[in-house]
Amino acid sequence: MKTENLNKNNKDYKYGFTTDVENIRSPKGLSEETIRFISNIKKEPKWMLEWRLKAFKRLKVLKEPDWQKPKYPKINYQNLYYYSAPKSASEKPKSLDEIDPKILETYKKLGIPLVEQKRLNGIAVDAVFDSVSVATTFKDELTKKGIIFCSISEAIQNHPELVKKYLGSVIPLSDHYFATLNSAVFTDGSFVYIPPNTKCPMELSTYFRINASETGQFERTLIIADKGSYVSYLEGCTAPMRDENQLHAANVELIALDDAEIKYSTVQNWYPGDEKGIGGIYNFVTKRGACKGKNSKISWTQVETGSAITWKYPSCILQGDNSVGEFYSIAITNNFQKADTGTKMIHLGKNTKSKIISKGISAGNADNMYRGLVEIKNKAINSRNYTQCDSLLMGNKCGAHTIPYIKNNNASSTIEHEATTTKINEEQLYYCNQRGLDQEEAVSLIVNGFCKEVLQQLPMEFAVEAQKLVAISLEGSVG
Amino acid sequence: MLNIKNLEATIDNKHILKGLNLDIKPGEVHAIMGPNGSGKSTLANVLSGKNGYEIKGDIKYNGESLSELSTEERAQKGIFLAFQYPLEIPGVNTNTFLRTSLNSIKKARGQKELDTLTFLKLVKEKASELGINEKFLSRQLNVGFSGGEKKKNEILQMKILQPKLSILDETDSGLDIDALRIVADGVNSYKNKENAFLIITHYQRLLDYIKPDFVHVLSNGKIMKTGDAELGIQLEKTGYSNIV
Ligand SMILES: Nc1ncnc2c1ncn2[C@@H]1O[C@H](COP(=O)(O)OP(=O)(O)O)[C@@H](O)[C@H]1O
Ligand SMILES: [Mg+2]
């Protein structure tokens, strides 16, 4: 095992600890053998293995995309482990008491005590530690309502009809390189099904953490909101500090049927690398939601403060008439971090609406790119999009870019796009300082004000954490 | 309270203050008048510690040299500047700003921070004294405020933060007569034996309401003349030309 660099200089990243647990790993490298190993250890049915192998076959003819702004050194896929699980999880624990105390301790350090505190907060948590789901709280309460909230591995065993029907229905097997890679080797993730006319009584939440070194994390999340249902789902991510780059390539698929609504919030705080740009997570994630039914709604909210490179476009396919897609984003890049993020809104149904609010903040030597596609197809009459992209620059060495792609194929529909770029205003900082705020408080206040429209979208308890994260990620960036 | 000796200030190669002397004792009200561009705002900025000036000379505040202190440290020690042009901070609620400010100052002084309820009670009381509508306080700081509203908001902040030395930079400019009276009342109600005011103004009409102990004429980076309240009245009639 490679020695870990628990970089003492980088005091800002409070999640940078590793946990010493024994791991079970797949053979090194990407191969049919690895895929069979994963499928086998998860005791998957044959159809699942075949699906994976099909993806692997497709992968061989796909090329890694290179159109994105942030470039990265070539990833050696043969040098990664695709499955790493804490040993104690190989026989699945039946209750929280059976979970390795060290893992529970990790969650405590992350601020997610699984047992009592989340109960108080009313959040059901599915925690993914390296590659497997460790424990899901609140199962009983949810089961009473017919809600299924479990790991995707369990869903494959226990709800194969739902998984077969919806897995890959929004992100097809051969979509693009990283999505297909995920389809071949995904290890775990969350599965949610909300039955018709049911409002999920609590926020559902997953915490992802990469712990083992030289491990890629490929989780897969599938959320289905049946007719007339509602669910709000939260996702938080952290990883220890390591001087190597780690790959995270997740797929998230959302399906909203008639009159259903899904709210998906992410607070992404993967390790960003140190102040020289060494280490950090490559966060190459595919997130896509289908508003399949009429009057359905999918809303993405993301606060992206971590990762060395963030490359993702949570998207909505607005298939059902009158469906609504929303994307609220805060992307903060500091030091040598790079982000190329945005969304795609594809309007297919009549009277469909989409709204995009993006706030990009760049400091240090970082680069921040908003890239978004709004496409209104010819049958999507009377559709609307409103896009607002604001960039805030701190200092002279960072960059902000906005690339909107707009395709409107019918005259009854409108697309509006507004964009601003501003520098953090010295006079505003002076004003705050004159009122007794130190530089960091002042920056945090001004930046949180800049991000307000997005922060407002987050559930209360996440909003507070997100505001703190915003402040922490920009520490030392001015003055 | 404040002793300024031979103060010089230069910014971007422009020599603005050129040997300024001023002494202010607790309980005093000093007015500074002077032509546009004479260096009044520069003096206010230098006292509150704005970055970018090259400073010579000496400023003592309660016996302590200010030169090593940051803007926020000066604010925490009781220096307050009502800005000539108060800044807008989008997305930040006025109440939040006021509370963050008050608590930063309290924290720095080792005092107990105010909880939300106590703070709201305080702010409501002070706002109503200034005839400021409560709704106002939940709006974004200074965003879309009229000129008069911005200035009243500065006085509200002063009354909440309770500074020892309050510098008012043309707070009266652009105010109608009612707003002017409210601002003056705000100052008068806060005035006491312990605190002092440095009021920068162009107009005698403010000094009709707030009676200064001293009036100084600042011109070309220096104080050219000092007198009592009479000097202000005289200046209103004759202009600066006789003096500078
Ligand atoms: N940053 C700066 N760079 C160059 N000149 C400046 C700067 N700030 C102020 N000045 C100049 O210094 C002079 C005094 O400015 P100021 O103190 O604002 O005057 P007042 O408030 O008395 O009207 C003016 O001529 C102004 O243009
Ligand atoms: Mg001025």
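Residues in the range A:33-57 that are under 19 Å from A:Lys164 (Cβ atoms) and at pLDDT below 90: A:Ile38, A:Lys42. A single member of A:Lys69, A:Lys94 is assigned to a loop (DSSP other than H, G, I, E, B), modelled with pLDDT under 70 and of a type outside the set (Gly, Ala, Ser), and it is A:Lys94. Cβ-Cβ contacts under 6 Å between residues 6 or more apart (or on different chains), taken from a first residue in the range B:164-176 that is more than 14 Å from chain A (Cβ to nearest Cβ) to a second residue that is within 11 Å of ligand 2 (Cβ to nearest atom), are listed as B:Glu170/B:Gln84; B:Glu170/B:Ile200; B:Asp172/B:Thr201.
Of the residues making up the range B:145-163, at least one is more than 16 Å from ligand 2 (Cβ to nearest atom), open to solvent by 60 Å² or more (accessible area, probe 1.4 Å), of a type outside the set (D, E, K, R) and within 14 Å of another protein chain (Cβ to nearest Cβ).
Scanning the range B:167-205 for residues being over 19 Å from B:Phe80 (Cα atoms) and not β-branched (Val, Ile, Thr) gives a total of 11. Taking the range B:188-228 and the strands (runs of 3 or more DSSP E) fully enclosed by it, the elements with 2 or more residues that are away from every other protein chain (no Cβ under 14 Å), away from ligand 1 (no atom under 16 Å from the Cβ) and at pLDDT 90 or above are at B:196-200, B:222-227. Which of the residues that make up the range B:170-206 are open to solvent by 10 Å² or more (accessible area, probe 1.4 Å) and of a type in the set (D, E, K, R)? Residues satisfying the conditions are B:Glu170, B:Asp176, B:Asp178, B:Arg181, B:Asp185, B:Lys191, B:Lys193, B:Glu194, B:Arg205.
Here A:Gly395 passes the criteria (1) more than 12 Å from chain B (Cβ to nearest Cβ); (2) over 16 Å from B:Asn51 (Cβ atoms) except the one numbered (2). Flag not set for A:Cys432, criterion: buried (at least 17 other Cβ atoms within 10 Å of the Cβ), away from every other protein chain (no Cβ under 14 Å) and either at negative phi or not aliphatic (A, V, I, L, M) (or both). The set of residues in the range A:277-294 being of a type outside the set (A, V, I, L, M) and in a strand (DSSP E or B) consists of A:Gly280, A:Tyr282, A:Asn283, A:Phe284, A:Thr286, A:Lys287, A:Arg288, A:Gly289, A:Cys291. The criterion of being within 11 Å of chain B (Cβ to nearest Cβ) and touching a residue at least 60 places away in the same chain (Cβ under 8 Å) does not hold for A:Glu441.
Going by the conditions given, is A:Glu440 closer than 20 Å to B:Glu73 by Cβ and open to solvent by 70 Å² or more (accessible area, probe 1.4 Å)? Against the criterion (closer than 20 Å to B:Glu73 by Cβ and open to solvent by 70 Å² or more (accessible area, probe 1.4 Å)), A:Glu440 qualifies.
Tally the residues that are near ligand 1 (Cβ under 9 Å from one of its atoms) and acidic (Asp, Glu), restricting the search to the range B:37-56. Residues that pass the stated criteria total 0.
Going through (1) within 14 Å of chain B (Cβ to nearest Cβ); (2) out of contact with any Gly (no Cβ under 9 Å at 6 or more places or on another chain); (3) at pLDDT 90 or above one by one, A:Asn409 falls short only on (1).
Residues that are under 20 Å from the mean Cα position of the chain (by Cα): list the strands (runs of 3 or more DSSP E) wholly contained in the range A:318-427 that include at least 2 such residues.
Filter on the range A:318-427 gives A:324-333, A:338-347, A:353-363, A:367-376.
From the list A:Glu326, A:Glu253, A:Glu235, the lone residue that is touching a residue at least 12 places away in the same chain (Cβ under 8 Å) and open to solvent by 10 Å² or more (accessible area, probe 1.4 Å) is A:Glu326. Count of the range A:444-464 residues, restricted to those that are open to solvent by less than 60 Å² (accessible area, probe 1.4 Å) and either at the interface with chain B (Cβ under 9 Å from one of its Cβ atoms) or of a type outside the set (Ser, Thr, Tyr) (or both), is 14. Is it true that some residue in the range A:393-408 is among the hydrophobic types (A, V, I, L, M, F, W, C) and open to solvent by less than 10 Å² (accessible area, probe 1.4 Å)? Checking the range A:393-408: at least one residue is among the hydrophobic types (A, V, I, L, M, F, W, C) and open to solvent by less than 10 Å² (accessible area, probe 1.4 Å).
The residue that is nearest to A:Val170 (Cα to Cα), counting only those in the range A:310-323 that are of a type outside the set (Ser, Thr, Tyr) and open to solvent by less than 10 Å² (accessible area, probe 1.4 Å), is A:Cys316. B:Leu122 meets each of the listed conditions (1) aliphatic (A, V, I, L, M); (2) surrounded by 14 or more Cβ atoms within 10 Å (Cβ to Cβ); (3) without any contact (Cβ under 8 Å) to a residue 12 or more places away in the chain apart from (3).
The values are calculated or read from the model by the stated rules, or taken from the named source; none is laboratory data. Because the structure is a prediction, the values reported are computed rather than measured. Virtual Cβ from ideal backbone geometry, glycine too; neighbours counted across all protein chains shown. The protein model used for the area step is the full one, side chains on, heavy atoms only, and it has no ligands, DNA or RNA in it. Shrake-Rupley method; radii C 1.70, N 1.55, O 1.52, S 1.80 Å.
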